[in-house]
1. Once the label point is set 7 Å along the Cα-to-beta-carbon vector, what list of distances in nm do you get between A:GLU13 and its counterparts in the other copies?
2. Would you mind getting me the FRET efficiency between B:GLU66 and A:VAL79? Use the beta-carbon distance for r and R0 = 35 Å, nearest 0.05.
3. What part of the accessible area of segment B:4-106, given as a whole %, is carbon or sulfur when the probe is 1.4 angstrom?
4. Can you give the Rg/Rh ratio of the protein assembly as shown, where Rg is from the C-alpha atoms and Rh is the Kirkwood radius?
5. What does the accessible area per residue of segment B:24-95 come to in Å², with a 1.4 Å probe and no ligands, DNA or RNA counted?
6. With a 10 Å cut-off between alpha carbons and a GNM built on chain A, which of A:VAL83, A:VAL52, A:VAL70 moves the most?
7. Could you state how much accessible area is buried at the A-B interface, both sides summed, with a 1.4 Å probe, in Å² to the nearest 100?
8. In segment A:8-105, with Lys and Arg counted as +1 and Asp and Glu as -1 at Cβ, which of these residues, A:THR56, A:ALA11, A:GLY38, has the Cα nearest the positive end of the dipole, that is, farthest along it?
Number of protein chains: 2
Amino acid sequence: MVREPLGEEAAAELSRMFKALSDPIRLRLLSLIASHEGGEACVCDLIGPFDVSQPTISHHLKVLREAGLVGSERRGTWVYYWVLPEALAKLSALLEIPAASAKALA
Amino acid sequence: MVREPLGEEAAAELSRMFKALSDPIRLRLLSLIASHEGGEACVCDLIGPFDVSQPTISHHLKVLREAGLVGSERRGTWVYYWVLPEALAKLSALLEIPAASAKALA
DNA sequence: ACTCTGTTTCGACGTCTGTCGATACAGTCG
DNA sequence: CGACTGTATCGACAGACGTCGAAACAGAGT
């Protein structure tokens, strides 16, 4: 991000990912999934902690999935979600500002 | 994010920052500022690269500023913006998923 | 003081987003 | 097959968001 001014297409794709993270419920969902034992969680584990309805949680999970941040799979009765680490790593790397680039050190 | 399930307040604050990054123009603005010589840029440097009006750019800069991602200061005729590295570092660290936590390695 | 340039604020408009209840779909177990 | 549980989709609605043109504000220079 510091080296190149970030082209239009790249910015569009990245902004879609960040948009998925721009809701407090989705952030908490992601951290619940990531911190869940085995690295994955069933939808039924994700409804309890929130005050919103089940369809709303389902909607948020869909947003996370379509942003490429989580994967999902049905196994029998339940649907499991897990985090896709490459996606988060991509965003994390983008936000790393080399200390030498900070204004204070210029 | 992997260790603790991310409390409501923390999620709310972080989601505000991610929301500021959820627009392609704001992402490009941020990278333009970060990659600009000296680590800061004048608003007049930030208008040219975009197809939107100047008030719209000003609006986006305000969003970035209120999210705590950039600082700004008027010096004479021009207003300068710079990135606040601590804020980006905070988000970057949040998104770092230890490899051992990935589902594939569980 | 006046004007000119750079920047922000204001008011309005159409679109997108989060939420809900109701409903449909998927699998399991009698 | 039929009922039951878990999950996704649909349709609707209120509120938030990105954008614009017009207007206000801030400094610099004449």
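1. Spelled out, the distances from A:GLU13's label point are 3.3 nm.
2. 0.40
3. 53 percent
4. 1.02
5. Working: 3300 Å² over 72 residues.
Per-residue value: 46 Å².
6. Checking each option, the largest mean-square fluctuation is seen for A:VAL52.
7. 3300 Å²
8. A:THR56
The values are calculated or read from the model by the stated rules, or taken from the named source; none is laboratory data. Here the structure is a predicted model, which is why all the values come from computation and not from measurement. All Cβ positions, glycine included, derive from the backbone under ideal geometry; neighbour counts span all protein chains shown. Please note that ligands, DNA and RNA were not included when accessible areas were found on the heavy atoms of the full protein model with its side chains. Shrake-Rupley method; radii C 1.70, N 1.55, O 1.52, S 1.80 Å.
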